[in-house]
Amino acid sequence: MQFTEPSDIEFLLKNAKLWAIVGLGADESRPAYSVARFLQSHGKEIIAIHPRAIGVLNSPSYATLAEAASHHSIDVVDCFVNASRVGEIIDQAISLKLPAVWMQLEVIDEAAATRAKSAGLRVVMNRCPAIEWSTYV
């Protein structure tokens with residue numbers, strides 16, 4: 001099964017306004033931080049999803065995806081978590097009826113991607129929006 005369609009990458013980069021970034025903390029040396037800052041610099045709003053719910057980049061932060069979804073209309077869930085944990089996040093996105101999930105580089109879970117696609121979510125796997133930006137926007 002093809003998990004990442006170029007049309008989904010293009011749609012999300014051009015149209016997804018609010019990105020919930022799972023794993024985004026205050027450590028500026030982490031890829032999640034630099035990608036979140038990149039997205040902000042290109043007009044996207046971000047929400048940090050982190051167990052310690054630390055305010056990051058002057059944006060709202062929540063301990064869980066469910067808590068964030070109860071306060072905001074999330075367009076895409078961007079996953080900066082270990083591949084062994086991403087299935088749980090994808091299942092939460094499905095149960096919350098969120099429209100899309102984006103799994104970062106080396107975050108690969110084909111079973112979770114299949115569940116998300118079957119539930120009607122747009123799925124991007126093993127890609128980075130900062131890298132894809134110049135190709136699609």
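A few points about this structure:
- Those residues of segment 37-56 which are touching a residue at least 40 places away in the same chain (Cβ under 8 Å), surrounded by fewer than 18 Cβ atoms within 10 Å (Cβ to Cβ) and either among the aliphatic types (A, V, I, L, M) or outside any loop (DSSP other than H, G, I, E, B) (or both), in sequence order: 38
- Qualifying residues in segment 104-127 (those that are within 13 Å of residue 8 (Cα to Cα) and among the hydrophobic types (A, V, I, L, M, F, W, C)) - the one surrounded by the fewest Cβ atoms within 10 Å (Cβ to Cβ): 121
- Of all the numbered requirements in (1) within 17 Å of residue 127 (Cβ to Cβ); (2) in a loop (DSSP other than H, G, I, E, B); (3) of a type outside the set (Asp, Glu); (4) in contact (Cβ under 8 Å) with a residue 24 or more places away in the chain, residue 2 misses one, and that requirement is (4).
- None of 90, 74, 131, 94 is outside any helix (DSSP H, G or I), within 21 Å of residue 15 (Cβ to Cβ) and either in contact with an Asp or Glu (Cβ under 6 Å, 6 or more places away or on another chain) or modelled with pLDDT of 95 or more (or both) except 74.
- Residue 28 meets the conditions (1) over 13 Å from residue 129 (Cα atoms); (2) touching a residue at least 12 places away in the same chain (Cβ under 8 Å) in every case but one. The failed one is (2).
- Qualifying residue in segment 14-23 (condition: part of a loop (DSSP other than H, G, I, E, B), out of contact with any helix residue (DSSP H, G or I) (no Cβ under 7 Å at 6 or more places or on another chain) and touching a residue at least 12 places away in the same chain (Cβ under 8 Å)): yes
- Options 34, 59: the member that is more than 21 Å from residue 122 (Cα to Cα) and touching a residue at least 60 places away in the same chain (Cβ under 8 Å): 34
- If only residues of segment 97-113 that are part of a helix (DSSP H, G or I) and in contact (Cβ under 8 Å) with a residue 40 or more places away in the chain are counted, the one that is nearest to the chain's Cα centre (by Cα) is 113.
- First in segment 80-95 and without any contact (Cβ under 8 Å) to a residue 40 or more places away in the chain, second anywhere and exposed (fewer than 14 other Cβ atoms within 10 Å of the Cβ), Cβ under 8 Å, 6 or more apart: 83/106; 87/111; 92/66
The values are calculated or read from the model by the stated rules, or taken from the named source; none is laboratory data. Keep in mind the model is a prediction, meaning the values are calculated, not measured. Here the Cβ is made from the backbone with ideal geometry for all residues, glycine too, and neighbour counts use every protein chain on show.
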